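Q: Structure below; questions to follow.
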Amino acid sequence: MTLEAWQSAGVRGVLHRPSISNGDAIALTHGAGSNAGAPLLVRLAGALAEAGYLVLRYDLPYRVARPTGPPSPSGAARDREGIVQALDALRELSSGRVFAGGHSYGGRQTAMAAAESSELADALLLLSYPLHPPRQRERLRTGFFPELRTPALFVHGTRDPFGSIEELRAAIAAIPAHTDLLVVDGAGHELQSASAADIRARLQALVCYSEK
C-alpha cells in the first residue's frame, strides 16, 4: 500500500493505493470537529486498502476552509457538494464499484447526498450515524431516510449518546434500500474498539446481497 496527497475542486485528502487492487474504491470522511486524519478513518482506510480497495480519506469543504471548529448548518449544502466532487473524482480512478462512507456528521451528509442522488455510490458505510443530539431524542435527523435508495451499512456503538441501538433499528426501518447494522458492544461515538476487519466483511456482504 502507498499513500499520496490528493486534492480536487476544494476537497483534499489522502489516497491509499492498494498493492493489489480489487477494482473497487471507497471514500471516507470525518465527523464534526475532526478531519481526515481521525484515528478511526486512518485505521479503517489501512484495512480496506490491504484488502484491495482504493481508499480516499478526505476533508469536507468546511474543514478545508478552516483548520478547527465545527461545521456551520449554513454550509451543509456545500459540504454535500464536496462529497459529490470527491466521489466523482474517485470514479475516474476506479474501474469498479465506488462506495461512500463517513463518520457522524460526515456520514449524515454522505447519506443525505445519496438520498438526493441514488447514483452517487454503490453502497454507504455510515459510522456512528448521529440520530439526534445527546439527550435530545426528539430532534431526529432521519427525515430523508424514506428517500434513501442506496444500500447502507450502519456501524454503531452501544454507548453512543447520539442514539441507542434500539432507536437506530427503528429509524433504519424507514429506509427502502437494503441495510445492515454492525453493533459494537461497549463502544462510544468514536468507535475506538470497532474491528476494521468486521466492518470490511459486513460491507462486502451487504454489496453481495444487494446485487442478487
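Q: Out of all the residues in segment 9-57, which are in contact with a Phe, Trp or Tyr (Cβ under 7 Å, 6 or more places away or on another chain) and crowded, with 24+ Cβ neighbours inside 10 Å? Please lay out each step first, then the result.
A: Filtering segment 9-57 down to residues in contact with a Phe, Trp or Tyr (Cβ under 7 Å, 6 or more places away or on another chain) leaves 11-15, 18, 22, 24-27, 29, 31-32, 36, 56.
Within segment 9-57, V11, G13, A25, I26, A27, T29, G31, L56 meet the criteria.
Q: Would you mind stating whether L148 is touching a residue at least 60 places away in the same chain (Cβ under 8 Å), among the hydrophobic types (A, V, I, L, M, F, W, C) and in contact with a helix residue (DSSP H, G or I) (Cβ under 8 Å, 6 or more places away or on another chain)? First the steps, then the outcome.
A: Values: touching a residue at least 60 places away in the same chain (Cβ under 8 Å): no; among the hydrophobic types (A, V, I, L, M, F, W, C): yes; in contact with a helix residue (DSSP H, G or I) (Cβ under 8 Å, 6 or more places away or on another chain): yes.
No.
Q: Consider D88 carefully, then state whether it is touching a Lys or Arg at 6+ places or on another chain (Cβ under 7 Å) and among the acidic types (D, E).
A: So D88 fails the test.
Conditions (1) part of a strand (DSSP E or B); (2) without any contact (Cβ under 8 Å) to a residue 12 or more places away in the chain; (3) not hydroxyl-bearing (S, T, Y), marked per residue:
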residue	(1), (2), (3)
L87	no, no, yes
G96	no, no, yes
Q109	no, no, yes
M112	no, no, yes
A115	no, no, yes
E119	no, yes, yes
L126	yes, no, yes
L168	no, no, yes
L181	yes, no, yes
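Q: While we're looking at this one, here's another question. Counting only residues that are modelled with pLDDT of 95 or more and surrounded by fewer than 17 Cβ atoms within 10 Å (Cβ to Cβ), which one in segment 179-196 is nearest to Q136 (Cα to Cα)?
A: G188
Q: Separate question: How many of the residues making up segment 116-129 are buried (at least 18 other Cβ atoms within 10 Å of the Cβ) and either out of contact with any strand residue (DSSP E or B) (no Cβ under 9 Å at 6 or more places or on another chain) or closer than 20 Å to S94 by Cα (or both)?
A: Step one: filter segment 116-129 for residues buried (at least 18 other Cβ atoms within 10 Å of the Cβ), giving 120-129.
With the extra rule that they be either out of contact with any strand residue (DSSP E or B) (no Cβ under 9 Å at 6 or more places or on another chain) or closer than 20 Å to S94 by Cα (or both), the set shrinks to 120-125.
So the answer is 6.
Q: Anything in segment 43-57 that is within 23 Å of A9 (Cβ to Cβ) and either hydroxyl-bearing (S, T, Y) or part of a helix (DSSP H, G or I) (or both)? List them, or say none.
A: Kept after step one, since they are within 23 Å of A9 (Cβ to Cβ), are these residues of segment 43-57: 45, 53-57.
Result: A45, Y53.
Q: Looking only at segment 58-68, how many residues end up being surrounded by fewer than 18 Cβ atoms within 10 Å (Cβ to Cβ), part of a loop (DSSP other than H, G, I, E, B) and of a type in the set (A, V, I, L, M)?
A: 0
Q: If you don't mind, there's one more thing I want to ask. Looking at (1) in a helix (DSSP H, G or I); (2) surrounded by fewer than 19 Cβ atoms within 10 Å (Cβ to Cβ); (3) modelled with pLDDT of 95 or more, which is the one condition that is false for H132?
A: Answer for H132: the failing condition is (1).
Q: I would also like to ask the following. Can you tell me which residue is nearest to V42 (Cα to Cα) among those in segment 87-109 that are at pLDDT 95 or above and of a type in the set (A, V, I, L, M)?
A: Among those that are at pLDDT 95 or above and of a type in the set (A, V, I, L, M), it is A100.
The values are calculated or read from the model by the stated rules, or taken from the named source; none is laboratory data. Predicted, not measured: the structure shown is a model, and the values here were computed from it. Quick reminder, even Gly has a Cβ in these numbers, built from the backbone with ideal geometry, and neighbours come from all protein chains shown.
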